[in-house]
């Protein structure tokens, strides 16, 4: 069978001449799912892509087809076949040509969607998914050219991961890069918390790439982190040129198959991304350790604090405390017996007596006396109580939180390692305080 020329476009096609993204195959047209098409841009020599939901329109091809795609630094190989037969067509095309064809097709589709023009997809592809794809084509520069990227090629965005609270067998979370997000769950039986810690430590020590997998049922959402050095500027020195680079983290979030969302990608600050990922995992442990509804039968750990300690890594915390500078040999894990939250909610100030944090070391009860801390806690409680009745627009919560973080850090540095200190801002966002090296 003659292989047709690879022709992928947003155009009218199919038996009824409807607008969609079509791949030409001999006398027929094959309708392409735009989300799968966008995800195919993330294939590489190590990560081939296989799609099952390409829809056949031509009457002579009335069964579902499979597309296999692999990508090297210079070319793309595609194989198109029915489920039950050997490969029917194969293409090998330049990687840049494939990327340009995909980009052009998705951009044209998005522009029509903005104008509410009817397409063959109808409501099966929601607009938010289209927007995610379009934004990434514009800001993330997903294409991987042979030349090194410059700071002008990309947009640096913020990565966030927030676990939302304890449920009987699932914990929901939201992952974001910039304004693009994926919402899904972590489920009880399919996650190994030791493995999550090992993967987090791999993010610290692997030189090029590390994956962290959080499962819903048996399907992982993959957080893929890749180091990326981007050129910031060049300086002429004598008869030569000096190149300056900035180390960033390329973050890819590959959602589990239950989500049906496109892969989201972005370039983020290097150390801030690592810190965010670790703190998110520790926040997950915090939820388990502090939830009164924790069910040991459901989650296979005798108590939630065991999960907290399983996720906690002395290796990661040592590196984060020094922004990667320290090579000090540390304990792989430190067992935490007490989790303390500092916040403006007076119900969580039971750790304090007359403004002095109390801690137990061995059989000895002691206190940390810090000048100004008592008045800080009193001000916070007063404002919190007042806010419950009416807002005080003149109170500077930002400054109050900055002061609170400084106090929390001093407390962290002065109490034993079997205590973990969390500072909770007035908006409910928590941060784990690491001991200064």
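Coordinate-derived values only; no laboratory data. Remember, predicted model here, so these are calculated numbers, not experimental data. For neighbour counting, all protein chains shown are included, and Cβ atoms are generated from backbone atoms with ideal geometry for every residue, glycine included.
Determine, from the Cβ-Cβ distance of residue 435 and residue 103 and an R0 of 41 Å, the FRET efficiency 1/(1 + (r/R0)^6), rounded to the nearest 0.05.
E(calc), rounded to 0.05, equals 0.30.
In terms of the Cα gyration tensor, with a ≥ b ≥ c the square roots of its eigenvalues, is the range 193-295 rounded because a/c is under 1.5, prolate because a/b exceeds b/c, or oblate?
Cα axes put the range 193-295 in the prolate bin.
As a footprinting exposure proxy, order 341, 273 by other Cβ within 10 Å, with the fewest listed first.
Neighbour counts put them in this order, fewest first: 341, 273.
For the residue pair residue 150 and residue 413, what label-to-label distance in nm results when each label sits 7 Å from Cα along the Cα-to-beta-carbon direction?
So the two model labels end up 4.2 nm from each other.
If you stretched the chain out fully between residue 11 and residue 73, how much longer would it get, using 0.36 nm times the residue separation minus the C-alpha to C-alpha distance?
19.4 nm
Is the range 180-246 rounded, prolate or oblate when judged by the Cα gyration tensor, a ≥ b ≥ c being the square roots of its eigenvalues, rounded requiring a/c under 1.5 and prolate requiring a/b larger than b/c?
prolate
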